[in-house]
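The values are calculated or read from the model by the stated rules, or taken from the named source; none is laboratory data. Since the model is a prediction, treat every value here as computed from it, not as a measurement. Every residue, glycine as well, gets a Cβ built from its backbone with ideal geometry; the counts of neighbours run over all protein chains shown.
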Amino acid sequence: MNNLIIVESENDKFFIERLIECSNVGSINVQCICEFECLEGMNNLNKKLEEIKFDKYNKVGIILDADKEGIDKRINFINNTLKNVCDDVNITEINKLEKSSKLDVDFVCYIMHVNGYGELETVLKSIKKSDSFFADCLESWRECLKNNGKDISDKEFDKLYINNYIRFDTCSKLEQKHASKYCGLKYAMKKDIWDLDSSILYDLKEFLKLLAS
């Protein structure tokens, strides 16, 4: 059985592949939308779907970030995009397989979130398990910005937080000398610095089980 998961970015790919590995659900092909030029972000999902040879797959899963839009709007976005390749699928909720008779493929989606909103970095921030002194100090920096009439979005802040957590809290001095290789998410996913048994990941693991069966 050959199944596919489509994700937004390379970082999503690294995370999902690590979760597949530690969940012992078998092998699942993971591809990211950003094999294309990421000028339009999620809008490249349409290009990705158009290039897929669906006769190679039994199931296709799609993972998008909730961001500030929320789960329901992201599901609607997926449905509207799927109409370009098949018109007989309507996904109503995450982790529910929907059959396209036209393509003979089951589709299923998951929306990356914490409490309904956010993205991969929001999840990673919630499941970090090492000391995070450098990353936590960013909260004071953010408060300083607010006190001076400036602001940074939650999305931007979470990305900065995870970058600092990986590079300064969990990378050794030797690794920091080769930061491009050892202080990015790809290498960080190999380290024991994430709680991959967290209840936050329960629904995502159920999604992976659907794609593995």
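Brief remarks on what is shown
- Within segment 14-33, the residues that satisfy the criterion of being farther than 13 Å from Leu208 by Cα and crowded, with 19+ Cβ neighbours inside 10 Å are Phe14, Cys32, Ile33.
- Conditions (1) assigned to a helix (DSSP H, G or I); (2) touching a helix residue (DSSP H, G or I) at 6+ places or on another chain (Cβ under 8 Å); (3) of a type in the set (S, T, N, Q): number failed by Ser180: (2)
- Taken as a whole, segment 72-81 holds no residue that is surrounded by 19 or more Cβ atoms within 10 Å (Cβ to Cβ), of a type in the set (Phe, Trp, Tyr) and modelled with pLDDT of 95 or more.
- Selection within segment 34-49: residues that are part of a loop (DSSP other than H, G, I, E, B) and exposed (fewer than 14 other Cβ atoms within 10 Å of the Cβ). The member of this set that is modelled with the highest pLDDT is Glu40.
- In segment 180-209, the residues that are aliphatic (A, V, I, L, M) form Cβ pairs under 6 Å with partners that are at pLDDT below 95 and not in a helix (DSSP H, G or I), at six or more places apart or across chains, as follows: Leu208/Val25.
- Of all residues in segment 85-122, those being in contact with a Ser or Thr (Cβ under 9 Å, 6 or more places away or on another chain) and closer than 17 Å to Lys209 by Cα number 4.
- Per the conditions (1) surrounded by 15 or more Cβ atoms within 10 Å (Cβ to Cβ); (2) more than 16 Å from the chain's Cα centre (by Cα); (3) modelled with pLDDT of 95 or more, the sole criterion not satisfied by Ala212 is (3).
A quick yes/no check of all residues on (1) surrounded by fewer than 18 Cβ atoms within 10 Å (Cβ to Cβ); (2) at pLDDT 95 or above; (3) closer than 20 Å to Trp194 by Cα; (4) small (Gly, Ala, Ser):
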{"site": "Thr92", "(1), (2), (3), (4)": "yes, yes, no, no"}
{"site": "Lys96", "(1), (2), (3), (4)": "yes, yes, no, no"}
{"site": "Val105", "(1), (2), (3), (4)": "no, yes, no, no"}
{"site": "Ser126", "(1), (2), (3), (4)": "yes, yes, yes, yes"}
